[in-house]
1. Can you pull out the residues in region 45-86 that are part of a loop (DSSP other than H, G, I, E, B) and touching a strand residue (DSSP E or B) at 6+ places or on another chain (Cβ under 7 Å)?
2. Taking the options 79, 89, name whichever one is over 13 Å from the mean Cα position of the chain (by Cα), farther than 17 Å from residue 206 by Cα and surrounded by fewer than 24 Cβ atoms within 10 Å (Cβ to Cβ).
3. Does residue 175 qualify as being assigned by TED's automatic domain parsing to the domain that holds residue 109 and either closer than 23 Å to residue 149 by Cα or at pLDDT 95 or above (or both)?
4. If the requirement is being loosely packed, with under 12 Cβ neighbours inside 10 Å and assigned to a loop (DSSP other than H, G, I, E, B), which of these qualifies: 261, 212?
5. Could you please give the count of residues in region 118-132 that are touching a strand residue (DSSP E or B) at 6+ places or on another chain (Cβ under 6 Å) and either part of a loop (DSSP other than H, G, I, E, B) or closer than 21 Å to residue 241 by Cα (or both)?
6. Residues to consider are 164, 241, 253, 224; find the one that is loosely packed, with under 13 Cβ neighbours inside 10 Å and modelled with pLDDT of 95 or more.
7. Looking at 213, 148, which is the one that is touching a residue at least 40 places away in the same chain (Cβ under 8 Å) and either assigned by TED's automatic domain parsing to the domain that holds residue 114 or under 24 Å from residue 128 (Cβ atoms) (or both)?
8. Look at residue 112 and say whether it is in contact with a helix residue (DSSP H, G or I) (Cβ under 9 Å, 6 or more places away or on another chain), within 13 Å of residue 36 (Cβ to Cβ) and part of a strand (DSSP E or B).
């Protein structure tokens, strides 16, 4: 069953959209596993329903898939905007546990994301390793945030960013991180990974990126760095670009990584 609606968020101070896929059949008295699926920069909460075969992949899996809305926030509590990370990582799970028949166990809880959402998924799982047992990041962006912000502070870096991403992306960065493009460890993924290793237990992470994706070099570099501190990081790559053809195949593989092949009943 696919449900679309809104919920009232205290963190955001407004109603916000959410799409949910629930299993067609429930096992009485047993909460389903739950996966939070995060959209990319140019999308919204229905993207994975509309542009991938998620409804088909979800069939016969005892998993509730929850797809929230996050605008262009990079899943961050914005300097000039709303607290999207607090909403996604803390408020939304509480709300969903009180609304749907889902498990609250770490091993039953996953977070997935595509592009910007891949960054958000990694950030959520690495910031809250006690809450998320699994994380799947498909073609994640901003894997080296400090490097990106330092570049954007220079005239040449800003010029390149404008040429590659457009003026809106540059404006987004100032809205998110403030006029000084302030960096902090709480937004830097590798710093969060190191902290998660110390805290334990480390989430089981699956990451995929196409070899023709402009984000591939950063994804390869990030995979090598995380693998140097944890064995719970699986990185797959094959021919593909930063598009829905690759995202769909990667989503199918990510679901198999977390839940195995679907079984009837």
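The values are calculated or read from the model by the stated rules, or taken from the named source; none is laboratory data. As the structure is a prediction and not an experimental result, all values here were calculated from the model. Glycine also receives a Cβ, built like all others from the backbone with ideal geometry; neighbour counts cover every protein chain displayed.
1. To start, the set of residues in region 45-86 that are part of a loop (DSSP other than H, G, I, E, B) comprises 45-46, 51-53, 59-62, 69-76, 78-82.
Within region 45-86, 45, 46, 62, 69, 70, 75 qualify.
2. After applying the criteria, what remains is 79.
3. Numbers: assigned by TED's automatic domain parsing to the domain that holds residue 109: no; either closer than 23 Å to residue 149 by Cα or at pLDDT 95 or above (or both): yes.
It is false that residue 175 is assigned by TED's automatic domain parsing to the domain that holds residue 109 and either closer than 23 Å to residue 149 by Cα or at pLDDT 95 or above (or both).
4. 261
5. Here the count works out to 5.
6. That would be 224, the only listed residue that is loosely packed, with under 13 Cβ neighbours inside 10 Å and modelled with pLDDT of 95 or more.
7. 213
8. Yes, satisfied.
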